Amino acid sequence: MTAGAPRTLAALAALLATACAPDPDAAPDTPSGAFPPGFAGRVDSIARAALANGPLAGLSIAVARDAEPVFVGTWGVADATSGAEIDRSTVYEIASVTKLFTGVSASILADEGVLDLDATVSTLVPALAGVPHAASIRAHHLLTHTSGLEDFEPEAIDAWLDRREPVTVERALDAARREPGFSAGASWAYSNTGFRLVGEAIERLTGVPFARFVAERVAGPLGLFDTTMCDEGPDDPRRARIHEPGEDGFAPSPLGGHAGFTSEGGLCATIGDLVRLPGALARSGILSAAALDRLLSPTVLTTGPVVDYGLGVRLGEVEGHRVWGHTGGMGTYWAVVIHFPEEGITVAVLQNTEGAGEDALTVAGAVVRAALGLRPPRLAPRSLHDLSRFAGRYDDEGGGFDIALVGDSLVRIRGARHALLPLGPREFGWRPFPMDRFRFHEVAGEIVGVSDYYNGLFAAYFPRRHALEPVPAPSGAPTRASAR
């Protein structure tokens, strides 16, 4: 399930100000044993600011150290119609955070020699045996979004919204039979199709439904007893309803309660389960050290770039602190879990509103800064020669943007124009969202693509299609000097 979350500048500033508010007792650096003084109050303020910025019916935030929750907070309502409040037992749809569980499930079977990550799709999914390109796509391509297969989700969502037609595996198979957008392993493009096919392969190889496999081999051993397939408990009174802004407050969103999603985005969980997941995985032993390392390793494309996505895992870093996790939602992020392995800290955020003013990952980013004792992000632009080498059209199968040299400033153009500030030889930031980064990939002296990092976590890779000529700066256009 994809998500391109809108963010408002004023709301983001409010969250960052709250997260990084001066505290006379706060330690300036990462605490070694406990979180900085005033941490719980700061998280409460972050949550209340997110609700005030709205529209947001409710949310849950949890922070764990070494798989043990040390902070769990809930705010707002699980169902605006009934007025039921969110509490620790509230169950949310976690959407594409499910991909983490799918990656772990596949890794368990690979560890046991049941699933070969190098096996072809035509071998793993017999229904695709006669499809020519299925013989060159491997299981690991499905799990890393490098298969080139078309994403079936847009059509599935349209069918659900128009006719309430449940999602079926046939839609994924139909998408997989179409000509791929690129050769397997050559590029990266988010595709739910691959993860649905992995789920089908797991069911065929084990003889049990994917939901049961997750319950018995992943959630159960990790102690995540409130994590189940959403379809198994649609009438659970603990279930948070997905909302959208209405004329008189909040209305039920038609995007919630999808019937039929499985390994690509069909799980539901409580905030307590979600925040335990990374730490429990690291110490449980359900994966060998080698399997865990492969799960969390970036993907090397055949064209050269190294993309920060593992086997159902987004990777990244926040000011030198390594991080991994995943996001989930539809138009906006409803769910996120992010883990800092060196510090043993995990942050999870769950929301129940589509189109919230601040998505779950932005809220999580503010909580992370409070947990790590980080000051407000500051962009310190540096001078780079020959910015024109970065100019070009960058796009994937779902769209893209132009990066143009306008006068003496590099500008990202996607409707609005924003100056990109050089922070390193191939790394740029921008003032609207100072925690985001754009990291360009260079192969044999040529810029071939750019990775977009959202609040430290890898979001997407965009290959460079062609170069763009420099554009004369119009009167009043931003320059590197004025951007400072």
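When you count the other C-beta atoms within 10 angstrom of each residue and take the mean per peptide, 76-87, 155-166, 134-145 line up highest first as 134-145, 76-87, 155-166.
Calculated mean residue ellipticity, 222 nm, the chain: -7500 deg cm²/dmol, from DSSP H runs (n ≥ 4) at -39500 (n - 2.57) each, averaged per residue and rounded to 500. For the chain, averaging the sequence separation of C-alpha pairs within contact (under 8 Å, six or more residues apart) and dividing by the residue count gives a relative contact order of 20 percent. The Kirkwood radius of region 178-292, taken over pairs of alpha-carbon atoms, gives through the Stokes-Einstein law at 4 °C and 1.567 mPa s a diffusion coefficient of 77 µm² s⁻¹.
For region 230-294, GluC sites (Glu not before Pro) meeting the loop criterion (DSSP other than H, G, I, E, B) and having at most 10 other Cβ atoms within 10 Å: Glu247.
Set against the labelled values (i) 197; (ii) 132; (iii) 148, volume of the Cα convex hull per residue in Å³ computed from this structure falls on (iii).
At an R0 of 45 angstrom, the distance between the Cβ atoms of Ala40 and Glu179 translates into a FRET efficiency of 0.25.
The peptide list 448-459, 371-382, put in order of mean Cβ contacts within 10 Å with the highest first, becomes 448-459, 371-382. Please give the Cα centre distance for region 358-433 versus region 96-163, rounded to the nearest Å. Taking the Cα centre of each part, region 358-433 and region 96-163 sit 32 Å apart.
Bear in mind that the values in this text are calculations on the coordinates, not laboratory data. For clarity, every value in this text was computed on a predicted model and none was experimentally measured. Cβ: placed from backbone, ideal geometry, glycine included. Neighbour counts: every protein chain shown.
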